[in-house]
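The values are calculated or read from the model by the stated rules, or taken from the named source; none is laboratory data. These numbers come from a predicted model, not from an experiment. All Cβ positions, glycine included, derive from the backbone under ideal geometry; neighbour counts span all protein chains shown.
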Amino acid sequence: MTLTVAATNDWLRRFARSVDDNEQLLTDLDAAIGDADHGSNLRRGMLAVVEQLATEPAITIGDTLRGAGMTLISTVGGASGVLFGTLLLRMATLTGERTTATATEVIAALRDGLEGVRTRGHAELGDKTMVDVLAPTIDALDAAVTSGASLADAASTAAIAAQAARDATTALVARKGRASYLGDRSIGHVDPGAASTALLFAALAGALAEAAAVDA
Ligand SMILES: [Mg+2]
């Protein structure tokens, strides 16, 4: 199976719904080690994305992701808008004018997105950021596809890996953003960006499972 424009739309809509459902949780996580605005910021941005998907539907995967990325950057004041926006913009560049993307193309786009987030956020693995979910989750997706899983099944495996990676940020010391001011006191808390990134992969798994069910 491939990622279609419809599934890309569904992915973004599901992520928006999930961020809305988890706004308080994301805000509470950010309250513990940041400035308590991650839930409300990302919710505002994703509501704007959903609005845009409805009013300005795009006909390629690239344009869909580009529109969403730019909307996130322009509507979310905090770093999360820039970082999620960068992820989607870099994915948009690689998926370009395609209306379907193979598993290999999706993985390549995600890897390029991760590279963009790393560069933009100056974050490396272990810094207690969304990179700590993105990197192992993309690896899990890649490994599942390589071992013969369908894109939908691989995304479901990846979503589980994302939850484990999110939980593993609890033990890390924050080295980026406001949380880094806390030093060792950031230990014992899940990184809010790691938590929202896990939601992003759960949404991808949901959208692809739905698309696979429709295909079958
Ligand atoms: Mg914040």
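Here is a yes/no grid of residues against (1) assigned to a helix (DSSP H, G or I); (2) in contact with a helix residue (DSSP H, G or I) (Cβ under 7 Å, 6 or more places away or on another chain); (3) under 24 Å from Ala154 (Cα atoms):
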position: Gly77; (1), (2), (3): no, yes, no
position: Val82; (1), (2), (3): yes, yes, no
position: Thr86; (1), (2), (3): yes, yes, yes
position: Met91; (1), (2), (3): yes, yes, yes
position: Leu94; (1), (2), (3): yes, yes, yes
position: Ala109; (1), (2), (3): yes, yes, yes
position: Leu114; (1), (2), (3): yes, yes, yes
position: Arg118; (1), (2), (3): yes, yes, yes
Next on the checklist: For the structure I just gave you, tell me whether Ala68 is under 19 Å from Asp112 (Cα atoms) and part of a helix (DSSP H, G or I).
Outcome noted: yes
Next on the checklist: The conditions are (1) touching a residue at least 40 places away in the same chain (Cβ under 8 Å); (2) within 16 Å of the ligand (Cβ to nearest atom); (3) among the small types (Gly, Ala, Ser), and Ala36 fails exactly one of them. Which is it?
Outcome noted: (1)
Checklist entry - Quick check: anything in region 152-168 under 13 Å from the mean Cα position of the chain (by Cα), in a helix (DSSP H, G or I), surrounded by 15 or more Cβ atoms within 10 Å (Cβ to Cβ) and not small (Gly, Ala, Ser)? => result yes
Next on the checklist: Step by step: first the residues of region 17-31, then only those that are of a type in the set (S, T, N, Q) and assigned to a helix (DSSP H, G or I), then the one that is nearest to Ala194 (Cα to Cα). Which residue is that?
Outcome noted: Thr27
Checklist entry - So which residues in region 61-87 are of a type in the set (Ser, Thr, Tyr), buried (at least 18 other Cβ atoms within 10 Å of the Cβ) and either away from the ligand (no atom under 16 Å from the Cβ) or modelled with pLDDT of 95 or more (or both), if there are any at all? => result Thr64, Thr71, Thr75, Thr86
Checklist entry - From the residues in region 31-57 that are in contact with a Lys or Arg (Cβ under 9 Å, 6 or more places away or on another chain) and modelled with pLDDT under 95, which one is surrounded by the fewest Cβ atoms within 10 Å (Cβ to Cβ)? => result Asp35
